[in-house]
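The values are calculated or read from the model by the stated rules, or taken from the named source; none is laboratory data. Small disclaimer: the values here were computed from a predicted structure and weren't measured. Positions of Cβ are backbone-derived with ideal geometry, glycine not excepted, and every protein chain shown enters the neighbour counts.
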Amino acid sequence: MGRSKSASPGSAAPASSTAALASPVAGTAPGPQPLRRQVLLAVLTGLMLGLSQPLVIEALGDEPIDPTGLSGLLALVGFVPVLLALRGAGPKRAYWLGFLASFVQFTINLQWLVVAMVVFGRIPLLVSWAILSILTGAIAAYVAAAYAVTRVLVGRLRFRGRALPMWLVFPVALTAVETLRNFGPLGGFPWSNVGTSFATVPLLAQAAALAGVHGLVFLAALVCAALAELVARRGRARWSLACVGAVLFAWVAFGAARLATEPAGGPTVRVALLQGNVEQGIRNHDTWTGRKVLDRYHALTDEALAKGAELVVWPEAAFPIRLRRDLATLTEARVVAPGKAAPKVGVVGAVAYEPVTIDGKRTELRHNSAFVLGPELKVEARVDKKHLVPFGEYVPWPFGALVRQIVPIGGTVPGEVWRAVPVRFTDDRGVARELKLAVTICYEGVFPEIARALKNAGADLHVNVTNDGWYGISSAPTQHLLFYALRAIESGMPVVRAANTGKSGWVDTRGRLHDVTGIYTHAAVVADVPLTGAWTLYTLLGEWLSLPCVLLLLVAWLIAILGRDVAARARPQLDNVLGAGGLLLALAGAVYFLLVPGVSGDEGNATRALLTVLAGLLVGVGALSGRPWGRKAHLAVGAIAAVVGVLAAPLGAPWMLGVTAAGVALVVVQRRRAAAYTRALAPLDFDDASPLAAAPR
């Protein structure tokens, strides 16, 4: 094992460092790399991962710049540069390199948000880019933790006297962080998850049937980490070579076998997907267009019925007039033109309202809904969007409580449950049939757990209605559509999707897209969609791979930070109490989130639970560590808890004064206890078997 002295972050690397990087030799540890080289490698990773997902530049047309979709293969090598950059980097440097790579990646992937802000929000271009930078920076700060934790675990944990190899640690770390991002604060935001890059490569996307999109993240990270070790050691890493070969062979073989065995010969349903192409600017500003919108959809419906459509789907909020939430039929709502035939089954996106009285005042609750219609336009069910867009459809906790003090009620009210909706009809041959529909609205379909819950509720066809007109000619419509390729593979349900301005189409259970429309086109897609009734391992077991990654990473991180002698070390009794109390608080928050029904699907409760886990870990681990950062963590948690409690108490949560008291007490106590937090951390271990072997920073 070789070890070199620490170098400051800004110091230049010795002349031998480049040679050490290019030609690692057994028994020696490479020196630190120049910062410029590390930055360039991190940016290269950001560019490769950003371009691994569809990118539309309006000046070049309204389709992705890579029409083949093979750019998704960049995800197989995208992490390699930044993992090579971690050589010679300590945890802090690793975090910032990971942040830079992720910031570049997410800025490329999410640049379509600027279109919505500039065109429809009337926000100046520079301000819009600044807002985008804040958003992508927040996501990057989250994902960068995977790089820092990888560096800590590789440097501190040993197995049989050797450092853990990066190709074992990084996949677990990245999968855990991406899983948490899916469920994280503000309801989660899994967009740009690197697993979705494989949606354009059906051969590699099939593995989602086993472990979901997070399984694809794990595989991509595993291949990249093993390749990074191969590059760093010039092919001398036998285990890395074996890992890459075995994983790629099994991955491709499974994909090829699954693509060759798609179920056939089962029942089909003829579906019509109506794309009215009503631009968002017209919808927002022209109050007289309601009749024109109806005329357009009436014509599309007539066209679809003439082609024998049994299920007719309108996009999200396509019906131009608000509908009462308790309607039993839409006969009088002009879903079809007077005197015209009605579809056997229909799904109509509309804004539903419900008159209520709150504090003696009459007001309305609004829902983003889809009315599911049976024969004669009878309302079989109404599906209300449950997973709302934060700051778009509602103000998330804790900001919402403050807003309600100014405005009695506002925004969109979420639905209560995801359920399969059965509809019965008689087909053209006089055969009675039943469809069980899984209806998702807008970006609910980007969350794998929602489609899985609907499949397990008995659904056999996933219907998504959306309105991507907010994003103009950008990457958003294509990226959004591709999420459903993975949902179809994961759940074993075909997906049909009607979008206001595009892209509409349907996806088979192997994730292949069919009859996809262009954006800003007027169309009625009519297709016979097979209902396979297939089940997948992911449907049955859910996040069987990713959740253990979260637990494994947490346990490994605790061991690395606290040390194996944590129980034997002498410390003040107060720190034992704080340590045990903090960890118990974190455990309680995790149990509440995972086991109490409905919590993980409720944004406010989920956010509170996850913040409780984070606060408990910071307090508990900080107290048991005895290191200076632990005291700082206590001061930060205490101050935040005190402020949040003071703000929340008068907004209908008086019990939060207890949180305030606990926070103040924590701050007061720790301000006088600097001497109790002086334990030095043992230096990082470095081993030439790891491509991260180098001097700490």
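Observations on the structure shown:
- Filtered by the rule that a residue be over 15 Å from the mean Cα position of the chain (by Cα) and crowded, with 18+ Cβ neighbours inside 10 Å, the stretch 110-143 gives GLN111, TRP112, LEU113, VAL114, VAL115, ALA116, MET117, SER128, LEU132.
- The set of residues from the stretch 61-89 being of a type in the set (D, E, K, R) and surrounded by fewer than 22 Cβ atoms within 10 Å (Cβ to Cβ) comprises ASP62, GLU63, ASP66.
- The condition (being crowded, with 21+ Cβ neighbours inside 10 Å and at pLDDT 85 or above) is satisfied by just one residue among ALA661, ALA641, ALA606: ALA641.
- Among the residues making up the stretch 158-202, a single one is part of a helix (DSSP H, G or I), touching a Leu at 6+ places or on another chain (Cβ under 7 Å) and over 24 Å from VAL104 (Cα atoms): PRO202.
- Residues in the stretch 542-552 that are within 19 Å of the chain's Cα centre (by Cα) and of a type outside the set (Ser, Thr, Tyr): GLY542, GLU543, TRP544, LEU545, LEU547, PRO548, CYS549, VAL550, LEU551.
- Matching residues, the stretch 97-125, being part of a helix (DSSP H, G or I) and modelled with pLDDT under 95: LEU113, VAL114, VAL115, ALA116, MET117, VAL118, VAL119, PHE120, LEU125
- One residue alone among VAL348, VAL293 is touching a residue at least 24 places away in the same chain (Cβ under 8 Å) and not in a strand (DSSP E or B), and that residue is VAL293.
- The listed residue being modelled with pLDDT of 95 or more and either assigned to a helix (DSSP H, G or I) or closer than 24 Å to ALA498 by Cα (or both), out of ALA226, ALA272: ALA272
- Qualifying residue in the stretch 121-143 (condition: in contact (Cβ under 8 Å) with a residue 24 or more places away in the chain and among the basic types (Lys, Arg)): no
- In the stretch 592-608, the residues that are out of contact with any helix residue (DSSP H, G or I) (no Cβ under 9 Å at 6 or more places or on another chain) and assigned to a helix (DSSP H, G or I): LEU595
- Listed by first and then second residue, the pairs with beta-carbon distance under 6 Å, at least 6 apart or on different chains, first residue in the stretch 416-428 and under 23 Å from GLY598 (Cα atoms), second loosely packed, with under 12 Cβ neighbours inside 10 Å, are PRO422/GLU434.
- Cβ separations smaller than 7 Å between residues 6+ apart or across chains give the following pairs from the stretch 558-573 residues that are surrounded by 10 or more Cβ atoms within 10 Å (Cβ to Cβ) to residues that are at pLDDT below 85: ILE559/LEU157; ALA560/ARG156; ALA560/LEU157.
- Screening ALA253, ALA264 for residues that are surrounded by fewer than 18 Cβ atoms within 10 Å (Cβ to Cβ), without any contact (Cβ under 8 Å) to a residue 24 or more places away in the chain and more than 30 Å from HIS298 (Cβ to Cβ) leaves exactly one candidate, ALA253.
- LYS92 meets each of the listed conditions (1) crowded, with 17+ Cβ neighbours inside 10 Å; (2) touching a Lys or Arg at 6+ places or on another chain (Cβ under 8 Å) apart from (1).
- Being part of a helix (DSSP H, G or I) and not assigned by TED's automatic domain parsing to the domain that holds VAL621 is a property that holds for VAL555.
- Note on the stretch 523-541: among residues that are part of a loop (DSSP other than H, G, I, E, B) and at pLDDT below 95, the one that is surrounded by the fewest Cβ atoms within 10 Å (Cβ to Cβ) is GLY533.
- Checking each residue in the stretch 326-345 for being surrounded by fewer than 21 Cβ atoms within 10 Å (Cβ to Cβ) and over 20 Å from VAL526 (Cα atoms) picks out ASP326, LEU327, ALA328, THR329, THR331, GLU332, ALA333, ARG334, PRO338, GLY339.
- Residue within the stretch 300-317 that is surrounded by 14 or more Cβ atoms within 10 Å (Cβ to Cβ) and free of Cβ contacts under 8 Å to residues at least 12 places away in the same chain present: no
- Criterion (assigned to a helix (DSSP H, G or I), closer than 22 Å to ALA272 by Cβ and assigned by TED's automatic domain parsing to the domain that holds LEU305) met by exactly one of TYR484, TYR520: TYR484
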